[in-house]
Amino acid sequence: MRCLYLAGACGSIGTQTLDIVRENPSEFKVIGMSVGRNKELAVRLIEEFHPEIVCFRENYLYELSYTPKIVVGDAGLLELASYSKYEDEVFVNALVGMSGLMPTISAIKAHKTIALANKETLVAGGDIVKEYVKKYNVALVPIDSEHSAILQCLQGESHKEIKRLIITASGGSFRNKTRDELKGVTKEAALKHPNWSMGAKITIDSATMMNKGFEVIEAHHLFDVPYEQIDTILHPQSIVHSMVEYKDGTIKAELGVSDMHTPISYALRYPHHNVQESKQLDLFGLKLDFMELSKDRFPCLGYAYYAASRGGIYPAVLNAANEAAVKLFLNDKIEFLEIERIIEKEIKDDKYMEIPYTLENVVSVSLSLMKEILSRYGVD
Ligand SMILES: NC(=O)C1=CN([C@@H]2O[C@H](COP(=O)(O)OP(=O)(O)OC[C@H]3O[C@@H](n4cnc5c(N)ncnc54)[C@H](OP(=O)(O)O)[C@@H]3O)[C@@H](O)[C@H]2O)C=CC1
Ligand SMILES: CC(=O)[C@@H](O)[C@H](O)COP(=O)(O)O
Ligand SMILES: [Mn+2]
């Protein structure tokens, strides 16, 4: 029995993780969960899964039929991640944003396997997280669909044979628009992803292509592949979830329907696939297009490579500026194109070069930058 600690249980990845637990009660048990601001959903999930420890995002009064250990807020997330009683424990990080970094580190210190959806963890603190992974000798398994695909394509292969990783991108909600047509696009339109149903932040990240930039950084850390060997390609159907090209010309790809249950299930069972049948891809009539992904059309992708090349704290600055800018866009404070302008200004600023890359600095610089950008527009 794998014992799960699920942070972000009420979100898109969180609820899909719980679908898998619900269908496989002999394989998985939820020992802990963190719930969000949707009180009704939070209570429903707690009553259904009866975790021993629950982290509430805010300090409301909840009426429950039993008495779990209750913890609250950011400190509570760390308690949830550190709580440990069982043999085979997995911390599923389905939080969104910078809030995912410290709980990941606490869970590593508690010797838990990490099933990671929260890509911001690796964008902001990749090298530091990897040091902890090594020191505590835990497994870090990606949930993100592209990285799940790459992980599968790398099974049994040796690093020296890899030519490049090829990460596929759908193009997001505005993929058919020119840059001129992006002026004045609405939040409602931005939130309509063509292929995946996901939380609001990642859907906007997909529309700006920052999601792909983050995935390049995430892949670099997960698979120890240099940035020069990580490419992206436009693939509007999101059927090929990513590929690995080998030096002998072989390309391995992972294909499937656009359903996050599959990569979540693989991460929970790694290195095994689910033995029960789920949604199958219909190979007849399958149409697969691949096109160049232009950094002129999608500058955020270029910003991610640029921040990565600057190294040190710059990927954390990229992440924090993006997180604040997306929040402003979702709060109707800025236009869509302002997101990339806010990010560009920060990553081109030389002032961050003097800041040593430590965990403390990653957290403090990120939080103060987010606060500063939000305060420019009167948002907390
Ligand atoms: N959704 C997807 O298909 C995919 C997502 N990912 C990545 O997975 C992560 C989760 O994404 P997704 O599920 O879409 O996001 P959602 O917004 O749907 O869910 C995130 C959950 O985390 C909770 N949360 C956020 N911040 C905090 C905090 N500070 N303290 C406590 N709880 C918090 C939210 O609470 P509340 O309910 O109050 O908002 C919400 O329930 C992201 O990093 C995303 O990039 C990667 C690949 C695919
Ligand atoms: C499902 C998933 O992994 C998302 O990160 C997805 O990749 C978003 O799609 P695009 O960023 O390719 O639009
Ligand atoms: Mn992805």
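The values are calculated or read from the model by the stated rules, or taken from the named source; none is laboratory data. Since we're looking at a predicted model, the values are computed, not measured. Cβ coordinates were reconstructed from backbone atoms using ideal geometry, including for glycine residues, and neighbour counts include every protein chain displayed.
With respect to the conditions (1) under 29 Å from K327 (Cβ atoms); (2) out of contact with any Pro (no Cβ under 6 Å at 6 or more places or on another chain), V123 falls short on a single one, namely (2).
The residues of segment 103-134 that are within 14 Å of ligand 1 (Cβ to nearest atom) and part of a loop (DSSP other than H, G, I, E, B), listed by number, are A117, N118, K119.
Residue-by-condition table, conditions (1) without any contact (Cβ under 8 Å) to a residue 60 or more places away in the chain; (2) farther than 30 Å from S26 by Cα:
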position: P271; (1), (2): no, no
position: L283; (1), (2): yes, yes
position: D289; (1), (2): yes, yes
position: L318; (1), (2): no, yes
position: F336; (1), (2): no, yes
position: S366; (1), (2): no, yes
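Quick check on Y227: is it more than 20 Å from the chain's Cα centre (by Cα) and aromatic (F, W, Y)? For Y227, the condition - more than 20 Å from the chain's Cα centre (by Cα) and aromatic (F, W, Y) - is not met.
In segment 70-96, of all residues being touching a helix residue (DSSP H, G or I) at 6+ places or on another chain (Cβ under 6 Å) and assigned to a helix (DSSP H, G or I), the one that is surrounded by the fewest Cβ atoms within 10 Å (Cβ to Cβ) corresponds to S82.
Reported count of residues in segment 50-69, each being loosely packed, with under 15 Cβ neighbours inside 10 Å and either touching a Lys or Arg at 6+ places or on another chain (Cβ under 9 Å) or in a strand (DSSP E or B) (or both), is 4. Scanning segment 199-247 for residues that are surrounded by 21 or more Cβ atoms within 10 Å (Cβ to Cβ), within 25 Å of K130 (Cα to Cα) and among the hydroxyl-bearing types (S, T, Y) yields T232, S242. Of everything in segment 39-90 that is of a type in the set (S, T, Y) and over 26 Å from K109 (Cβ atoms), the residue that is nearest to the chain's Cα centre (by Cα) is Y60. Looking across segment 97-115, the residues that are among the hydrophobic types (A, V, I, L, M, F, W, C) and buried (at least 19 other Cβ atoms within 10 Å of the Cβ) come down to M98, L101, M102, I105, A107, I108, I114, A115. Looking only at strands (runs of 3 or more DSSP E) that fall completely inside segment 145-249, which ones have 1 or more residues that are assigned by the TED database to the domain that holds N38 and at pLDDT below 95? Here the list is empty.
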